[in-house]
Amino acid sequence: MDKKLFGLATGIGSMPHQQTDPALRLIFKSLTEIPHWPQLPSTGEEEGFIRQYLSPLIERGLVMETAGRSPFFQTDAADWLERLTQFYTDVLAGQDDQSVARFAFPLSAAAGFYSFMERLRQEGTGDALYLKGQLSGPVTMGFQVTDEKMQPAFYHDELRDILVRSLALQVRWQARTLVSCGLPVILFIDDPGIYGYGQSTFVGLSREAIQQSLIPLIEAAKEEGVLIGVHACAGVDWSLLFELPFDVVNIDVYHYFTSLLVYTRELDSYLARGGSLAWGIVPTSAEIESESAESLLAKLEEQMLILEKKGVDSGRLRSQLIFTPSCGTGSLSVAHAEHVYRILPQISQRYRKR
């Protein structure tokens, strides 16, 4: 673990604002040590959680958007093989900056990212110790994007490979762009679709396929010299993620702490290898109205004691950690989001002063 991470706070990504400036003001006021760029889904469809990272595939004619259905791969197009050949030509062209930049998202899909970078270049990094970015994970994308018959693309080896290769190059591009500001970088793979593993409605979703889809993204991040984390909503099979070489695993402990209790042995091993736990302790729901930094720190202490009693090493548990909201704030009101961002740094500061 990078010891400078101890007890710091950052956000997940999405925010409810309609404009970049107020979102950035809130981020840089509240999360001074690990500011993140804001995703603004309420500004339009292009900034949606899935759509934001589909641009490279839409631009190459591999994925089609049609009203009334999910984005889908045009595998029945007469020139599908030509389009596919061009995609792999671009993928295999190399990892120089020009080639990687072909997989950048456009301004229209990520105004918050470009405004974030512009602010950093104009005003400097201030008190920041790290910069944080994020992207959608391959499992979630693979279930939201389908084939032409509306079957999840994740179940198709070829289509899943296209998604993974595109995302891995987006990891590289985002990492290089953020690193250009001169600070260490943390990227989170936001992959709530992992929750489907083990569910009866996702019987074809295998552990191996999930892990194999994440590994190229992890490897790309590490080759670029940045830290890589993962955020999954709800109570997933955490052993699946603890087995992988993530630097940070983010858990919504406010709502789903009990899901972690089945995997305390795997958590302890993960921490022993140097991994960090991101405690999603600040609720991104109306429940925030009844919480304070004091009440959430008390909840945190209760949870840590439970894990320690189950054999998780106390020293690592209490030092290899950062704090986040339970999820993104994009579905909240601006007032609730501001409350989340006000409490989060208070928790971080008070925890470190203990």
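The values are calculated or read from the model by the stated rules, or taken from the named source; none is laboratory data. The shown structure was predicted, so the numbers you read here are calculated from the model rather than taken from an experiment. When we count neighbours, we look across all protein chains shown, and the Cβ atoms used for this are built from the backbone with ideal geometry, even at glycine.
Can you find a residue in region 121-128 that is under 25 Å from LEU214 (Cβ atoms) and within 20 Å of the chain's Cα centre (by Cα)? Within region 121-128 (the criterion being under 25 Å from LEU214 (Cβ atoms) and within 20 Å of the chain's Cα centre (by Cα)), the answer is no, since none of the residues qualifies.
Look at (1) part of a loop (DSSP other than H, G, I, E, B); (2) surrounded by fewer than 17 Cβ atoms within 10 Å (Cβ to Cβ); (3) not hydroxyl-bearing (Ser, Thr, Tyr) and you find that PHE49 fails only one, number (2).
Listed here are the residues, each with its yes/no results for (1) free of Cβ contacts under 8 Å to residues at least 60 places away in the same chain; (2) of a type in the set (Lys, Arg); (3) touching a Gly at 6+ places or on another chain (Cβ under 6 Å); (4) outside any loop (DSSP other than H, G, I, E, B).
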position	(1), (2), (3), (4)
GLY7	no, no, no, no
ILE12	no, no, yes, no
LEU24	no, no, no, yes
PHE28	no, no, no, yes
THR66	yes, no, no, no
ARG69	no, yes, no, no
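With a requirement of 2 or more residues that are under 19 Å from the mean Cα position of the chain (by Cα), the helices (runs of 4 or more DSSP H) lying completely within region 243-354 that satisfy it span 253-256, 334-352.
Could you check, for region 175-189, whether at least one of its residues is more than 24 Å from LEU277 (Cβ to Cβ), crowded, with 17+ Cβ neighbours inside 10 Å and touching a residue at least 40 places away in the same chain (Cβ under 8 Å)?
Restricting attention to region 175-189, the residues satisfying the condition of being more than 24 Å from LEU277 (Cβ to Cβ) are 176-177, 179-182.
This time we only want the ones that are crowded, with 17+ Cβ neighbours inside 10 Å, so: 176-177.
Still in the list and also touching a residue at least 40 places away in the same chain (Cβ under 8 Å): 176-177.
Among the residues of region 175-189, at least one is more than 24 Å from LEU277 (Cβ to Cβ), crowded, with 17+ Cβ neighbours inside 10 Å and touching a residue at least 40 places away in the same chain (Cβ under 8 Å), which makes the answer yes.
Just one of (1) closer than 23 Å to CYS233 by Cβ; (2) surrounded by 14 or more Cβ atoms within 10 Å (Cβ to Cβ) fails for SER206. It is (2). A single member of GLY275, GLY328, GLY311, GLY315 is surrounded by fewer than 22 Cβ atoms within 10 Å (Cβ to Cβ) and in contact (Cβ under 8 Å) with a residue 60 or more places away in the chain, and it is GLY275. Within region 145-159, residues that are in contact (Cβ under 8 Å) with a residue 12 or more places away in the chain sit with their Cβ atoms under 7 Å from residues that are in a strand (DSSP E or B) and of a type in the set (A, V, I, L, M), at 6+ positions apart or across chains, in these pairs: VAL145/VAL63.
In region 65-106, what residues are in contact with a Phe, Trp or Tyr (Cβ under 7 Å, 6 or more places away or on another chain) and either over 26 Å from GLY13 (Cβ atoms) or at pLDDT 95 or above (or both)? Steps first, please.
Let us first name the residues in region 65-106 that are in contact with a Phe, Trp or Tyr (Cβ under 7 Å, 6 or more places away or on another chain), namely 74, 100-101, 103-105.
Hits for region 65-106 are GLN74, VAL100, ALA101, PHE103, ALA104.
Report yes if LEU187 is within 25 Å of ASP252 (Cα to Cα) and modelled with pLDDT of 95 or more, otherwise no.
Numbers: within 25 Å of ASP252 (Cα to Cα): yes; modelled with pLDDT of 95 or more: yes.
Yes: the conditions hold for LEU187.
If a residue has to be touching a strand residue (DSSP E or B) at 6+ places or on another chain (Cβ under 9 Å) and assigned to a helix (DSSP H, G or I) to count, how many in region 89-135 make the cut? Number of matching residues: 4.
This table checks each residue for (1) at pLDDT below 95; (2) under 22 Å from ASN250 (Cβ atoms).
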{"site": "GLY13", "(1), (2)": "no, yes"}
{"site": "THR20", "(1), (2)": "no, no"}
{"site": "SER30", "(1), (2)": "no, yes"}
{"site": "ILE34", "(1), (2)": "no, yes"}
{"site": "TRP37", "(1), (2)": "no, yes"}
{"site": "LEU40", "(1), (2)": "no, yes"}
{"site": "GLY44", "(1), (2)": "yes, no"}
